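Notes for the one structure printed next.
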Amino acid sequence: MLYYLFYYLKDTWSGFNVFRYITFRAAMASLTALLISMIFGPMIIKWLKKVNFGQYIRKEHVESLYDLHKHKQGTPTMGGVLIIMSIAVSTLLWADILNKYVIMALVAFLFLGIVGFADDYIKVVKKRNLGLRANVKFLSQVFLAIIIATFVLIYTPIPTTLSVPFLKFFSAELSLFYLIFVIIVITGASNAVNLTDGLDGLATGCTIIAALAYTVLSYITGNFKFADYLNVFYLQGAGELSVFCAAIVGAGLGFLWFNSYPATVFMGDTGSLALGGGLGVVAVFIKKELLLFLVGGIFVIEATSVLLQVIWFKTTKKRLFLMAPIHHHFQLLGWPESKITIRFWILAIILALLSLSTLKLQ
């Protein structure tokens, strides 16, 4: 919005010319999202307390974990509304709002935010601990993925090939399997972030790191010179997605101020589903889908631990981990919550740096 308002005034004052640069607008989007989160955070937390949107800590079947988390009972949840507001407003202010990739990323982000809000509302207000039925939530994510895949196939030059990190000349045509692939990426990313959101600041910090990596990747993909030099897929207009990703970074940092241990608010499914899905959509647009599994390696580990736990238990009637997702396993081993979170952040940073290194190694 501000791009159209000020850039075309550059003839009246040369200083307005700075609005043409994506790097400037990405930085300002991040700062704007951070400020919105910091300013409105206390108000939203106060409102969530007033309407009794507090976290319910389940005791049945998880007594050992309940003892570690019972102090969190009643902590405001659904704080994802703060994240969504911060990202949406800052993106609309600083990105090219007529850019089709930004529009679709925002639509997907907001759609999953609504799904997550409905899930949280049922848990908190209706007192139904499992929230939305699993099939309803999953079908909503699949529906969105189909919309995104259809958009890519009809309205964009994005190829349906599979790009593999570290393999410069390998490219596999997915053809009819492309739709299934997009469904796996978007639903997988959305649910993986959701599963990671179990400790104070854990999902928030890891999302910030992943979004920062995709800010860089989006900028490179939308810049012909960088894309050509690094031999990566070039997509005209994709650079604007770096503004969206930078807004995620800023909103995440602002939210982390309140969500860090001991948390005074949780994002809930409102935030986690939207953040994961938003990153998944960006990955699809810039052809860095497989790299998302490395950038968001912590999310993959968390989701895989749940899958392995289920398979192992059904096969052997024993547990592979003390509890899944795996961050609870370390809790039950006696690790302090803050130590688990910080160590997972460190791993996330290492994975993000490794992911960015693939640009030069391929």
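The values are calculated or read from the model by the stated rules, or taken from the named source; none is laboratory data. Everything numeric here is computed off the predicted structure, so don't read it as measured data. So basically every Cβ, Gly included, is an ideal-geometry build from the backbone, and we count neighbours across all protein chains shown. With ligands, DNA and RNA removed, areas are computed over all heavy atoms of the protein, side chains included. Shrake-Rupley method; radii C 1.70, N 1.55, O 1.52, S 1.80 Å.
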Taking the Cα centre of the chain as the origin, how large is its charge dipole in debye, to the nearest 20, when only Lys and Arg (+1) and Asp and Glu (-1) carry charge on their Cβ atoms?
700
With every protein chain kept in place and a 1.4 Å probe, the residues SER140, SER355 fall, from largest accessible area down, as SER140, SER355
Pop a pseudo-label 7 angstrom from the Cα along the beta-carbon direction at both LEU307 and ARG319 and give the gap in nm to one decimal.
2.2
Options (1) 28, 62, 10; (2) 30, 58, 12, 0; (3) 28, 52, 19, 1 - which one matches P(r) over Cα pairs in 20 Å bins from 0, in percent as calculated here:
(2)
Which residue, VAL281, ALA251, LEU332, has the largest displacement toward the positive end of the dipole of the chain when charges sit on each Cβ (Lys, Arg +1; Asp, Glu -1)?
LEU332
For the peptides 146-154, 200-208, what is the packing order when you average, over each peptide's residues, the other Cβ atoms within 10 Å and list the highest mean first?
200-208, 146-154
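Packing-wise, with mean Cβ within 10 Å as the measure, how do 104-111, 251-258 rank, highest first?
On the way: 104-111: 21.1, 251-258: 24.1.
Going from most to least packed, we get 251-258, 104-111.
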In what sequence, largest accessible area first, do ASP269, ASP67 appear using a 1.4 Å probe?
ASP67, ASP269
Given points 7 Å out from each Cα along the Cα-Cβ axis, report the ILE342 to VAL107 separation in nanometres with one decimal.
4.4
Carbon and sulfur %, accessible surface of the chain computed with the full protein complex present, 1.4 Å
70
Residue-averaged [θ]222 nm for the chain, counting only DSSP H segments that reach four residues, each worth -39500 (n - 2.57):
-22500 deg cm²/dmol
Among 294-300, 220-226, how do they line up from the highest to the lowest mean number of other beta-carbon atoms within 10 Å?
294-300, 220-226
Residue pairs, from the table LYS46/LYS72; LYS100/LYS360; LYS50/LYS123; LYS137/LYS287; LYS50/LYS72, whose Cα atoms sit over 22 Å apart
LYS100/LYS360; LYS137/LYS287
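Stretched out fully, how many nm does the piece from TRP47 to LEU68 gain, at 0.36 nm a residue minus the Cα gap? Provide the component values of the computation, followed by the final result.
On the way: separation 21, 0.36 × 21 = 7.56 nm, distance 2.66 nm.
Here the answer is 4.9 nm.
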Can you give me the long-range amide H partners of THR156? Hydrogens built in the peptide plane at 1.01 Å from N, cutoff under 5 Å, separation of 5 or more residues or another chain.
none
Calculate the spin-label point distance for ILE39 paired with ILE349, positioning each point 7 Å from the Cα along the beta-carbon direction, and give it in nanometres.
3.0
Positive-pole candidate from ILE220, LEU153, THR264, dipole of the chain, charges at beta carbon:
THR264
